[in-house]
Structure formats: structure tokens, C-alpha cells
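What follows is calculated from the coordinates using simple rules that are stated; it is not laboratory data. This structure is a prediction, so every number in the text was calculated from the model and none was measured. As a convention, Cβ positions derive from the backbone with ideal geometry for all residues, glycine included, and neighbour counts pool all protein chains shown.
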């Protein structure tokens, strides 16, 4: 990470208490030489971070500049609802990710928000869609004072109904700072052979020749992938494949990483310096302040991104888990 980006990250992190999260990470465009990263952190149900964001921690709170921001006031209300027994969100969300975009100078303090909505695996698709839309409607009322828009509701329903039998909706993302009425769906367990037919079923308007190239060229390098699509008033020509290994196997223990990076580097989707930096990042650091803990650093996944009228790019997602004890 470059000096400017690091300094901006320190300014951003100073707005949150130390105990805000135990899991945080970075996103970097691996084909670009610039040492810049977006930043995100995970808030799990019942965690101390969830209580802080709800204003329920008597010792720790957000910086006053965040508390004065209208969006952050609504984010507080969102977390308060999540922490209120009997509220719709209480039993509906397993986790929330807050992601902060870096613009080359500073971090946008208004985050993208990703929701891990709990799905009833025994319910049919219709019931799953209805439940998801109810939850998103509640979230929209809290964050934006409006119901979940009809066009988004219809496209979300269509996208989930069309999923293959064992596939599911893992995350739903609101891209708030990008000023677009767009919802990102992270879909799991769609295999490479079914992806094209699924995209055709939902009326995805992108280049299917590119889709075939992406799956033929890259999906076999990893154990599995998740599919990202964007929905708005219509299905948008965006597709990303989150490529990962089983059990988040790290390069030190999984030689497939080197083989995958060889292909990506040869395709000029990963620079040599970014490759080396990504591999150096992995490891463990023992710290004693403010309590004995291990900082476990590793790669979560790589994302291959297709956008209309833009070159294919590869992003790396890597992060740190803080775990107590030595």
C-alpha cells in the first residue's frame, strides 16, 4: 500500500474504536501498478462491533464527525434495529460488511453496505424471494426513507427464481457512495457449465463470448467461484467471478495459488510486484497490545471482473483476522 493510501486509511480507521471489528480486509486492482486499496470490515451478529454501531457500548463509540453525518445516523438506526429483539432484522441478517472506496486521495466515509441475509434452505424459491424483499424493504425504509423500489424487487425476484437448484444468494450489496440505484447480488454454487444459461434466463445483456472465455480460462484454476451481478431498473451488463480455494487454503499450503497466478500474470491481469506483495502479505503476527492476540493475514479470493466496453480486470481480496491468545 502506498504512503498516501496508508495515511488516508489511518485517518479513516481513527473514526472507529479499536474493538469495532476482528475481521477486516482490502481490495486492490492487481493489474494496476498503483499501490492503492479499498478497505472493508465485517460486523457479525451479536459482536461488540454491532453494539458499537448501534450506540449500545457504554465505553466506545464512533467519532463525532460520523455521528453528525445524516447517512451515519441512519446506519446507526439500522444497527439499532438489528440489535433489537423481535425486530425483523434481528433474526434475518447473519453479518454486515462496510466497504470504503479510495479515490486516490482519501476514503469516502459513506460506505457500500453488504448484507448477509439468512435464507431458509427448506423454503421454496418463492418464499425465499418474498422474505428477502421484506428484509430489503425494511433496510430501505431505515436508510433512505423509501420502500424497496418495484423495479429492483422484480429483478431481484427474477434473478433468484432462475437460480439452479443448489445455488443461493450469499450477499446483497447497496452501492451507496456510487450514486446509482443498483443492488449487487453475490450468488454461490453456480457452476461454470450453468452460468451462461442462467445469465440468458435473466436477460443479462453482456457479451456471452466473454463469459465463455472467463469460465474456460479461469474457473478451472480454482476450486469454486461466486458470481456477482448488478441489478437496477434492468439487469446491468456487469459480471464478476469471485474465485476461491476450499477452506481459504493459503499459498504456503496450496501450490494451486502459484499456478493460478502464473496464468493471471501471463494474461497481464496481475503485475509481478502486486503478485509478490500479495504473497508476502500472508502470515501471522503476534501482538500484546491492547491484549494478547494473533493477527492472521491471508488471501480470501480473487475477482475477475467484466464490464461493458472495458478491459477485463482482476482484483485481489486479502485481509486480517484478529484472534485472541498465543
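Considering only region 267-286, state which residues are in contact (Cβ under 8 Å) with a residue 40 or more places away in the chain and on the phi > 0 side of the Ramachandran plot. Within region 267-286, 268 is the sole residue that qualifies.
Return the total of residues in region 38-63 being part of a helix (DSSP H, G or I), out of contact with any strand residue (DSSP E or B) (no Cβ under 8 Å at 6 or more places or on another chain) and more than 27 Å from residue 1 (Cβ to Cβ). Count: 1. With the condition kept exactly as written, say whether any residue in region 287-295 is in contact with a strand residue (DSSP E or B) (Cβ under 7 Å, 6 or more places away or on another chain), surrounded by fewer than 16 Cβ atoms within 10 Å (Cβ to Cβ), without any contact (Cβ under 8 Å) to a residue 24 or more places away in the chain and more than 30 Å from residue 181 (Cβ to Cβ). Scanning region 287-295, I find at least one residue that is in contact with a strand residue (DSSP E or B) (Cβ under 7 Å, 6 or more places away or on another chain), surrounded by fewer than 16 Cβ atoms within 10 Å (Cβ to Cβ), without any contact (Cβ under 8 Å) to a residue 24 or more places away in the chain and more than 30 Å from residue 181 (Cβ to Cβ), so the answer is yes. Would it be correct to say that residue 150 is within 16 Å of residue 79 (Cα to Cα), free of Cβ contacts under 8 Å to residues at least 40 places away in the same chain and either surrounded by fewer than 18 Cβ atoms within 10 Å (Cβ to Cβ) or in contact with a strand residue (DSSP E or B) (Cβ under 7 Å, 6 or more places away or on another chain) (or both)? When the stated conditions are applied, residue 150 does not pass them.
Restricting to region 158-182, and then to whatever is touching a strand residue (DSSP E or B) at 6+ places or on another chain (Cβ under 7 Å), outside any helix (DSSP H, G or I) and without any contact (Cβ under 8 Å) to a residue 40 or more places away in the chain, can you tell me which residue is surrounded by the fewest Cβ atoms within 10 Å (Cβ to Cβ)? Write out each step before concluding.
Initially, region 158-182 is screened for residues touching a strand residue (DSSP E or B) at 6+ places or on another chain (Cβ under 7 Å), giving 159-160, 163, 167-177, 182.
Subsequent filtering for residues that are outside any helix (DSSP H, G or I) retains 163, 167-175, 182.
Applying the additional criterion that residues be without any contact (Cβ under 8 Å) to a residue 40 or more places away in the chain yields 163, 167.
Working: 163: 22, 167: 19.
Per the criteria, the residue is 167.
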